[in-house]
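The values are calculated or read from the model by the stated rules, or taken from the named source; none is laboratory data. Just so you know, these numbers come straight off a predicted model, no measurement behind them. Every residue, glycine among them, receives a Cβ derived from its backbone with ideal geometry; neighbour counts consider all protein chains shown. Areas reflect the complete protein model, heavy atoms only, side chains present, ligands, DNA and RNA absent. Shrake-Rupley method; radii C 1.70, N 1.55, O 1.52, S 1.80 Å.
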Amino acid sequence: FFVNDGKPNSNYMEILDKIIYSGKKILNVKEELKVIQARSFLQLPLSCEKLPLDPPHIDMIDKEHIVFLYYVKDNEANTIIYKDTSLKEKMTIYKKVKPKKGRLVIFNGKHYHTAEQPYKNVRCIINIDILKPQKIV
């Protein structure tokens, strides 16, 4: 964790600051953004015949938040964002996002999301959960 429960936990906070600054510009938000948690994920390629999806999830069920997903490197394992805000047997896909180095994806944290498993390249992302700003509806 870079940040856990709103408390910084890393010597690399300047990396987060750049991502958060970009997100503020995209959202056109002037207020200070409160980071609830921030962490990095590294997934190694799997060599299976049929690659499973990670389970669909919401990062923080109990807090209204915005998710910033930053792709550290290119990869073939898409992020899948669902339209659904409650877990169902059949989830409706809203968007599939291809990981591209430097891409920042921002979405409402109450939507379920997941990741495909990598099969060629390492998948590395930085996941930042931001307390939902007042200006964003």
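A few points about this structure:
- Whichever residue in the stretch 4-27 is outside any helix (DSSP H, G or I) and open to solvent by less than 40 Å² (accessible area, probe 1.4 Å) and, among such residues, is nearest to I125 (Cα to Cα): S10
- Residue within the stretch 84-96 that is touching a residue at least 40 places away in the same chain (Cβ under 8 Å) and assigned to a strand (DSSP E or B) present: no
- Qualifying residue in the stretch 101-123 (condition: among the aromatic types (F, W, Y), buried (at least 17 other Cβ atoms within 10 Å of the Cβ) and either touching a Gly at 6+ places or on another chain (Cβ under 6 Å) or outside any strand (DSSP E or B) (or both)): yes
- When D62 is tested against the conditions (1) surrounded by fewer than 14 Cβ atoms within 10 Å (Cβ to Cβ); (2) at pLDDT 95 or above; (3) not β-branched (V, I, T), the lone failure is (2).
- Long-range neighbours under 6 Å by Cβ, at least six apart or interchain, first residue surrounded by fewer than 16 Cβ atoms within 10 Å (Cβ to Cβ) within the stretch 28-42, second assigned to a loop (DSSP other than H, G, I, E, B) and at pLDDT below 95: E31/P133
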